[in-house]
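Participant: Just dropping this structure here.
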There are 2 protein chains.
Amino acid sequence: MSHRVVIVGAGFGGLFAARALRRAPVEVTVVDRTNHHLFQPLLYQMATGVLAEGDIAPPIREVLRRQDNARVVLGDVVDIDLAARELTLDCQGTSSTVPYDSLIVAAGAAQSYFGHDEFAEHAPGLKTLDDALALRARIFGAFEMAELESDPERRAAWLTFVVVGAGPTGVELAGQIAELSRRGLRRNFRTFEPADARVILVEGAEHVLAPFPAPLRERARRDLERVGVEVRLHTTVTGVDADGLDVTAGRIEARTKIWAAGVQASPLGATLATRSGAPTDSAGRVAVRPDCTLPGHPEVFVVGDLMSLDHLPGVAEVAMQSGTHAARTVVRRLRGDVRERRFRYHDLGTMATIARFRAVASIGRLRMTGVAAWLLWLFVHLLFLTGHKNRIAAVANWAVAFLGRARPQRAINGVEASDLFATVRRR
Amino acid sequence: MSHRVVIVGAGFGGLFAARALRRAPVEVTVVDRTNHHLFQPLLYQMATGVLAEGDIAPPIREVLRRQDNARVVLGDVVDIDLAARELTLDCQGTSSTVPYDSLIVAAGAAQSYFGHDEFAEHAPGLKTLDDALALRARIFGAFEMAELESDPERRAAWLTFVVVGAGPTGVELAGQIAELSRRGLRRNFRTFEPADARVILVEGAEHVLAPFPAPLRERARRDLERVGVEVRLHTTVTGVDADGLDVTAGRIEARTKIWAAGVQASPLGATLATRSGAPTDSAGRVAVRPDCTLPGHPEVFVVGDLMSLDHLPGVAEVAMQSGTHAARTVVRRLRGDVRERRFRYHDLGTMATIARFRAVASIGRLRMTGVAAWLLWLFVHLLFLTGHKNRIAAVANWAVAFLGRARPQRAINGVEASDLFATVRRR
C-alpha cells in the first residue's frame with residue numbers, strides 16, 4: 001500500500017502541497033469543509049459587486065481532476081489522533097475516520113476580534129464566500145435603506161461605511177466602497193447622491209499597510225484620500241453597536257461596519273497544541289520546527305496561516321511555499337533522505353490595490369505606485385487565475401467594472417426585503 | 001403634481017411597464033421585494049452551475065438609472081387600499097404608505113404544490129435567486145455525499161435526481177443535470193462515475209412540453225432520452241420524503257427532488273380579489289377585464305403571471321406585452337382617450353432547450369429542432385440580455401460551459417459541510 005498523505009484545507013497551502021505531490025508514489029486525500037478553493041485576495045471584489053463566486057472559488061475537485069493520486073473529501077475535521085495517526089471527520093452528521101502516514105495541516109485562519117467577539121454581530125469580517133455574500137447584502141442594502149430614509153441624520157448613518165483595520169484587505173475594501181459610491185452607483189438613486197457616502201478607514205497603528213516600505217504607505221494613504229476615503233490612524237475601536245461605533249477619538253454613526261483588523265488561527269491549531277504539547281502564539285498559530293513539522297511529530301506538518309515560524313506574515317505566498325516545502329519533504333523522505341531541511345521563505349514582494357488605476361507594489365528593492373503598480377497587480381492576478389476555468393468570466397466582470405462603471409454582481413442574496421441583513425451566518 | 005404610477009414587481013411585466021412610461025408625463029415608482037430583476041428563463045442555468053447571480057439578476061435601479069421619471073423602492077407590499085388608492089409597504093420592519101393614481105400589479109407567481117405544501121421541504125421549487133442557490137447546493141452537494149458513501153444503495157440514492165413536471169423549466173433542468181453528470185463532472189470523483197447518475201423526469205400528463213406542437217413534444221422527449229434523462233409520463237407524485245418519492249407507479253429512491261410542476265399566483269392576487277370582489281382562478285390569478293384592469297377599478301391593472309385572461313399562459317412574453325399594454329393605457333388616458341382597449345397577445349413563439357446543441361422552437365408555423373433551434377435559443381437569449389451590463393460575463397460563462405465542459409459556478413453557498421442542505425430559505 002502506498003504512503004497516505006492527508007491534507008487538511010484546500011486553501012493556498014493545501015492546494016500547493018497537493019499539486020507538489022502529483023508525481024509522487026503517494027495517495028493524497030484533501031479534506032475541506034467546503035467544496036471550493038477560495039482565492040481570498042480577491043474576496044473584497046466579490047463583496048463589492050465586481051466578481052461572482054465562481055470567479056474566485058473553483059471547485060477543489062475540478063482543480064485536482066487530472067491528478068489521479070488525489071481524492072477530495074468534504075468534511076469538518078473534529079479531531080486529530082496523533083498516536084493512532086488518524087483524523088475524525090464529520091459530514092452532515094456522519095462521522096468517519098481517515099488514517100494517514102503523513103499529515104499536512106493547512107486549515108488557515110478566521111477573523112479575530114481581539115477578545116471582543118461581540119463586535120462580530122455588527123462588524124462582520126471577510127474570510128469566506130458566505131462572509132462576502134453577506135457583506136455584499138449589507139453594503140448594497142445600506143444604499144437601499146438610505147433611499148427609503150427621509151431623516152437626514154439617519155440617512156447619513158446608512159451612507160457611512162467604516163472599515164476597521166488598514167492592512168491590505170481593509171485598504172482594498174475601503175477603496176472599493178469609495179469607488180462604488182463615486183462611480184458604480186451613479187444615477188441609481190433619487191433622494192441622495194451616492195457619491196456623498198462616507199467611507200472611513202480606522203486603524204490603531206500609525207500607518208496604513210504597515211508591512212510596506214514607508215514611501216508606499218504614504219502614497220497609499222494619499223491615494224485612499226484622493227478616492228474619497230477618510231483615513232483615521234492611531235484610532236482604536238472600543239465598542240460596536242447597530243447604529244455605529246465608539247473609537248478612542250469619539251463616536252461614529254455608521255450602520256455598516258466591516259472588521260478587517262486581525263486573524264485568529266483555526267481551532268485545529270489548539271487541537272494540535274493540546275495533543276502534542278507544542279506552544280501556540282497569541283493568534284493561536286502553532287509554533288513549528290524550522291522544517292514546518294510539529295515538535296515530536298515529524299510526520300505532521302503545519303503550514304500557511306496556521307503556522308508560527310520566523311514571524312512570517314499570514315499571506316498567500318507563505319502558504320504556497322510552506323505547503324510546497326511540506327510536500328517535498330514527504331517525497332524526499334520516501335526516497336530515504338530524512339535530513340531536516342529548513343523552510344526558507346522567498347519573499348516575492350507584496351502589492352495592494354487602492355482603486356482602479358491605483359496600487360502600490362514592493363518587489364525586492366523595486367517600488368511601484370499608480371497605474372504601473374495597478375497594471376502589475378492585474379497581470380499577477382490574471383496569472384494566478386490561469387489554472388482556473390472561469391478566468392474568462394472574471395476578466396469579463398473586470399472589464400465591465402474597470403472599463404465601464406457598473407458592478408456586474410450586485411444581486412442581494414437572502415434577498416427578500418424582510419431579511420436583508422439576516423444573511424450573516426455564524427459558525 | 002404629475003400623475004403617479006406605482007408598479008408592484010420588477011419582473012418582465014413590471015419592468016416593461018416602467019420602460020413604456022419613460023417619456024410619459026408621470027412619476028413612476030417601482031416597488032419590489034428584492035433589489036434585482038430576475039431573468040427567470042435562465043434560472044435553471046444558475047442552479048446547475050453555468051451562470052452566476054449577476055448574469056441573470058441586474059439591479060432594478062441600474063436598469064432604470066437613466067429613466068429620470070422612475071424611482072425604485074425596496075419593500076414588501078403588505079396591503080392595498082383601493083378606496084384610498086395607496087399601498088402599505090414594509091421594509092426591514094419599517095412601514096410606509098405609497099399613494100398612486102394608477103397602479104400596475106405585476107407581482108408574479110410562486111411554486112404550487114397543489115395542496116401538498118409539505119412536499120416543499122424535500123422537493124424545493126425554482127422561482128427565486130435563493131431557490132437557485134439552494135438547489136445548486138443540493139445538486140453539487142449530492143455528488144459530494146455520494147463520494148463519501150460506501151453503501152451502494154445509499155450512494156445510488158444520492159446519485160438519483162428527480163424533476164417533477166415536464167414544462168419548459170422541468171425539461172431544461174433535467175437536461176442540464178444530465179449534461180452536468182455526463183460532461184461537467186467528468187474525472188471529478190474517485191469512488192463512482194458521475195455519468196452513472198440517474199435523472200428522472202416525472203410528468204402527470206401524457207407529454208413533455210404540453211403546450212408545444214406534437215412533433216416537437218416527441219422530439220424533445222427523444223432528445224431528453226438521448227442525453228440520459230428517464231422520462232416517466234402519466235406519473236403522479238403521491239408523497240415526498242428525505243429519501244425519495246412515491247409515485248403512482250411505485251417508489252423512487254432519490255435524495256434530490258426538484259419541483260417544477262405548477263405555479264400559484266402571488267398572495268397579492270387574493271388581496272386584490274378580497275378588496276375588489278374580482279374572482280380568482282384555481283391558481284389564485286385575478287380575473288381581469290379585457291384591458292387588464294381590475295373589475296370596478298379601471299385605475300388598477302393586473303398583468304403577467306398574476307393575471308387571468310383568455311387562458312393566456314404564464315410566460316415572459318405575456319408579462320412583457322401585458323405590462324406594456326397597461327402602461328400605454330395609462331398614457332392614452334392622460335391624453336384624454338378613455339376608451340377600453342382590449343389586450344391582444346401576439347404569440348411570438350416558444351422554445352425550450354434540452355441540452356447543448358439540442359432545443360425545440362415553435363414560431364408561428366415554423367418548427368425547429370436540434371442545433372438550429374439551439375442556435376436560435378442562444379441568439380434570442382443574447383438579445384434579451386442586451387440591455388444588461390453583465391452580458392459579457394454571461395457569454396463568458398456560456399463559452400466555458402458550452403464549448404468547454406466545466407461549470408464555472410459550482411461554489412456551494414452556506415457552504416460549511418455541517419449545513420450543506422440547510423440553505424433553503426422558507427418564506
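The values are calculated or read from the model by the stated rules, or taken from the named source; none is laboratory data. Fair warning: this is a prediction, and the values are worked out from it, not measured in the lab. Note that each Cβ is placed from the backbone with ideal geometry, even for glycine, and that neighbours are counted across all protein chains shown. Heavy atoms of the whole protein, side chains included, go into the accessibility calculation; ligands, DNA and RNA do not. Shrake-Rupley method; radii C 1.70, N 1.55, O 1.52, S 1.80 Å.
Participant: Dividing the convex hull volume of the Cα atoms of region B:275-351 by its residue count, what figure in Å³ per residue is obtained?
Facilitator: Residue-normalised Cα hull volume stands at 86 Å³.
Participant: For A:ASP151, what accessible area in Å² do you get when you roll a 1.4 Å probe over the heavy atoms of the protein chains, rounding to the nearest 10?
Facilitator: Number for this one is 50 Å².
Participant: Also, quick follow-up: Read phi for every residue in region A:292-297 and hand back ³J(HN,Hα) as whole Hz from Karplus 6.51 cos²θ - 1.76 cosθ + 1.60, θ = phi - 60°, with x for Gly and Pro.
Facilitator: Once rounded to whole Hz, the list reads 6, 9, 6, x, x, 9.
Participant: Please list A:PHE343, B:PHE384, A:PHE114 from largest to smallest accessible area, probe radius 1.4 Å, with all protein chains kept in place.
Facilitator: Numbers: A:PHE343 10, B:PHE384 90, A:PHE114 130 Å².
Solvent-accessible surface, decreasing: A:PHE114, B:PHE384, A:PHE343.
Participant: Taking chain B as the reference, fit the longest principal axis to its C-alpha atoms, fit the long axis of helix B:214-226 to the helix C-alpha atoms, and give the angle between the two in degrees, 0 to 90, nearest 10.
Facilitator: Roughly 40 degrees, rounded to the nearest 10.
Participant: Percent of Cα-Cα pairs per 5 Å bin, from 0 to the last occupied bin, for region A:273-312, please list those.
Facilitator: 6, 30, 39, 21, 5
Participant: Evaluated at 20 °C with a viscosity of 1.002 mPa s, what Stokes-Einstein diffusion coefficient in µm²/s does region B:161-209 have when Rh comes from the Kirkwood expression over alpha-carbon pairs?
Facilitator: The estimated diffusion coefficient comes to 187 µm²/s.
Participant: Right, another one. Roughly what % antiparallel, to the nearest 5, for the DSSP beta bridges in chain B? Present the calculation step by step, with values, prior to reporting the outcome.
Facilitator: Values: 34 of 67 bridges.
Roughly 50 percent of the beta bridges in chain B run antiparallel, per DSSP.
Participant: To continue, here is another question. Whose amide H sits under 5 Å from the amide H of A:THR280, counting only residues 5 or more places off or on another chain, with H placed in the peptide plane?
Facilitator: The answer is A:ALA287.
Participant: Could you please report the charge total around B:GLY244, scoring K, R as +1 and D, E as -1 over all other residues with beta-carbon less than 10 angstrom from its beta-carbon? Before the final figure, lay out the partial values.
Facilitator: On the way: positive: B:ARG251, B:ARG255, B:LYS257; negative: B:ASP241, B:ASP243, B:ASP246, B:GLU253.
Neighbour charge sum, excluding B:GLY244 itself: -1.
Participant: Per residue Cα convex hull volume for region B:190-319, in cubic angstrom?
Facilitator: 163
Participant: Then there's this: Nearest-5 percent of antiparallel DSSP beta bridges in region B:82-204?
Facilitator: Looking only at bridges with both residues in region B:82-204, the antiparallel portion is about 55 percent.
Participant: Pairwise over distinct Cα atoms, reciprocal of the mean inverse distance: report the Kirkwood radius of region B:64-130 in Å, one decimal place.
Facilitator: Over region B:64-130, the inverse of the mean reciprocal pair distance is 15.1 Å.
Participant: Any chance you could tell me what percent of the C-alpha pair distances in the protein assembly as shown go past 38 Å?
Facilitator: When every Cα pair of the protein assembly as shown is considered, 45 percent fall beyond 38 Å.
Participant: Continuing with this model, one more query. Tell me the Kirkwood hydrodynamic radius of region A:10-122 in angstroms, computed as one over the mean inverse distance between distinct C-alpha pairs.
Facilitator: 16.0
Participant: Give me, ordered by chain and number, the residues 5 or more places off A:VAL231 or on other chains with an amide H under 5 Å from its own placed amide H.
Facilitator: Distant-sequence amide H within range of A:VAL231: A:LEU201.
Participant: Skipping prolines and chain starts, which residues have an amide H placed within reach, meaning under 5 Å, of the one on B:ALA110, given they are 5 or more residues away or on another chain?
Facilitator: So B:ALA110 has HN proximity to B:GLN264, B:ALA265, B:SER266.
Participant: Hey, another quick one. Could you tell me the calculated FRET efficiency between B:ARG365 and B:ASP117, based on Cβ-Cβ distance and R0 = 30 angstrom, to the nearest 0.05?
Facilitator: 0.15
Participant: Could you compute Rg(Cα) / (2.2 N^0.38 Å) for chain B, with N its residue count? Display every interim value, and only then the final one.
Facilitator: Values: Rg = 22.0 Å, N = 427, 2.2 N^0.38 = 22.0 Å.
Normalised by 2.2 N^0.38 Å, the Cα Rg of chain B equals 1.00.
Participant: Give me the inter-chain shielding for B:58-66: mean count of other chain Cβ atoms within 10 Å, whole number please.
Facilitator: Mean partner-chain Cβ count within 10 Å for B:58-66: 5.
Participant: Further question: Can you give me the angle between helix B:168-179 and the longest principal axis of chain B, using Cα atoms only, in degrees from 0 to 90, rounded to the nearest 10?
Facilitator: 30
Participant: Farthest toward the dipole's positive end in chain A, which of A:VAL50, A:ILE60, A:VAL380, given Cβ charges of +1 (Lys, Arg) and -1 (Asp, Glu) about the Cα centre?
Facilitator: A:VAL380
Participant: Another question, if that's okay. Round to a whole angstrom and tell me the spacing of the C-alpha centers of region B:49-88 and region B:5-22.
Facilitator: When both Cα centres are located, 8 Å separates them.
Participant: Could you tell me how many degrees, from 0 to 90 and to the nearest 10, lie between the Cα long axis of helix B:370-384 and the main elongation axis, the longest principal axis, of the Cα atoms of chain B?
Facilitator: 40
Participant: Relative to the compact globular guide of 2.2 N^0.38 Å, what is the alpha carbon radius of gyration of region B:274-405, as a ratio?
Facilitator: 1.35
Participant: A further question on this structure: Provide, for the protein assembly as shown, the number of lysine pairs with alpha carbons under 25 Å apart, each pair being eight or more places apart or on different chains.
Facilitator: Numbers: A:LYS127/A:LYS257; A:LYS127/A:LYS389; A:LYS389/B:LYS389; B:LYS127/B:LYS257; B:LYS127/B:LYS389.
Lysine pair count for the protein assembly as shown: 5.
Participant: Calculate the radius of gyration of the Cα atoms of region B:189-263 to one decimal place, then report Dmax, the largest Cα-Cα distance, as a whole number, both in Å.
Facilitator: In Å, with Rg to one decimal and Dmax whole: 13.9, 43.
Participant: Ok, one more. Mind listing the phi-derived Karplus ³J(HN,Hα) values for region A:344-354, rounded to whole Hz, using 6.51, -1.76 and 1.60 with θ = phi - 60°, and x for any glycine or proline?
Facilitator: Per-residue couplings from phi come out as 10, 8, 9, 6, 8, x, 9, 8, 8, 9, 9 Hz.
Participant: Let me ask something else. Using only Cα atoms, locate the centre of region A:329-361 and the centre of region B:205-256, then give the distance between them in Å, rounded to an integer.
Facilitator: When both Cα centres are located, 54 Å separates them.
Participant: Keeping all protein chains in position, work out how much accessible area A:MET46 exposes to a 1.4 Å probe, and write it in Å² to the nearest 10.
Facilitator: 0
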